[in-house]
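Just so it is clear, none of the values below were taken in a lab; they were calculated from the coordinates. Just so it is clear, the model here is predicted, and its values are computed rather than measured. Heads up, the Cβs are rebuilt from the backbone with ideal geometry, glycines too, and the neighbour counts pull from every protein chain shown.
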Amino acid sequence: MDSSTSRKTLLLTGASRGIGHATVKTFAREGWRVISCSRQAFSADCPWPSGEEDHMQVDLADPKQTIEAIETIKSRLKDGKLHALVNNAGVSPKDENGGRLNTLDTDLGTWGRVFHVNFFASVVLARGLKEELATAKGSVVNVTSIAGARVHPFAGAAYATSKAALAALTREMAHDFGPLGVRVNAIAPGEVETSILSEGTDKIVAGLPMRRLGQPEEVAAAIYFLCSEASSYVSGAEIEVNGAQHV
């Protein structure tokens with residue numbers, strides 16, 4: 001039997017680095033096939049099976065590209081099943097000095113781009129692939145953020161509000177997709193050690209109860225839990241992965 005039809009399949013956006021990179025490795029280690037989506041071409045720095053073959057280059061900031069990608073994804077699902085969709089792609093633009101963009105100085109084009117990537121792409125992909133998710137009794141995981149719940153010193157207003165909207169969307173999707181047998185949840189990472197950390201994060205870490213940054217692998221483990229049978233009656237939840245940052 002073709003390996004693409006004998007394994008569970010994950011569709012992951014934002015796979016090229018950080019949490020996305022760790023998520024691919026976690027699922028691949030568990031025997032899943034991973035179809036990755038990124039605005040970047042496949043990189044040789046991504047050492048997982050069939051990586052280049054199962055990679056799709058798509059800019060989720062472009063609604064037309066996002067919609068068109070759905071038919072390509074469907075064509076790659078030979079058995080018509082999608083066991084998990086992880087909406088991990090996200091953008092958090094800064095000002096010219098690397099500072100946060102607030103509600104007063106974020107231009108409309110930036111608001112639109114951020115919301116297309118961080119929010120609209122998630123519902124467009126899930127709706128477009130609802131039959132494949134339903135056939136597999138699959139799971140959707142939306143990656144939100146600690147910034148979606150309160151003002152963050154580095155995350156900008158467009159990023160924060162898009163992630164808050166994604167948390168609300170998770171609840172709505174859990175309600176609407178539930179009758180299809182599809183579970184929808186979210187994870188909200190806190191300060192995670194990736195290449196996009198802002199200068200000054202060490203001051204936040206010093207005040208965390210666990211006194212350390214989270215690791216991408218720890219976030220990936222939470223994502224995997226929400227896509228596995230271990231969470232078979234969990235839906236509509238948002239799991240905080242932040243080392244008790246909110247207590």
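About its Cα centre, the dipole of the range 3-237 is roughly 540 debye, where the only charges are +1 on Lys and Arg Cβ and -1 on Asp and Glu Cβ. Shown for the chain are the DSSP H helices of 27 Å or more along their axis, judged by Cα atoms, with a mean Kyte-Doolittle hydropathy of at least -0.5: 157-177. Normalising the average separation of contacting C-alpha pairs (under 8 angstrom, six or more residues apart) by the number of residues puts the relative contact order of the chain at 20 percent.
Segment MET56..ALA237, full-extension length gain: 62.3 nm, with 0.36 nm per residue of separation and the alpha-carbon distance subtracted. Taking the DSSP beta bridges with both ends in the range 8-166, the antiparallel portion is around 5 percent.
Cross-link partners of LYS163 among aspartates and glutamates, defined as those whose alpha carbon lies under 16 angstrom from its own and excluding same-chain residues fewer than eight positions apart: GLU172, GLU191, GLU238, GLU240.
Over all Cα atoms in the chain, the spread is summed up by Rg and Dmax: 17.3, 57 Å. Remark: the LYS203-GLU68 segment gains 44.3 nm on full extension, using 0.36 nm per residue and subtracting the alpha carbon distance.
Each label was represented as a point 7 Å from its Cα along the Cα-to-Cβ direction; for ARG212 and GLU172 these points are 3.9 nm apart. Taking amide H as placed 1.01 Å from N in the peptide plane, the amide H of GLY156 sits under 5 Å from that of LEU101, each at least 5 places away or on another chain.
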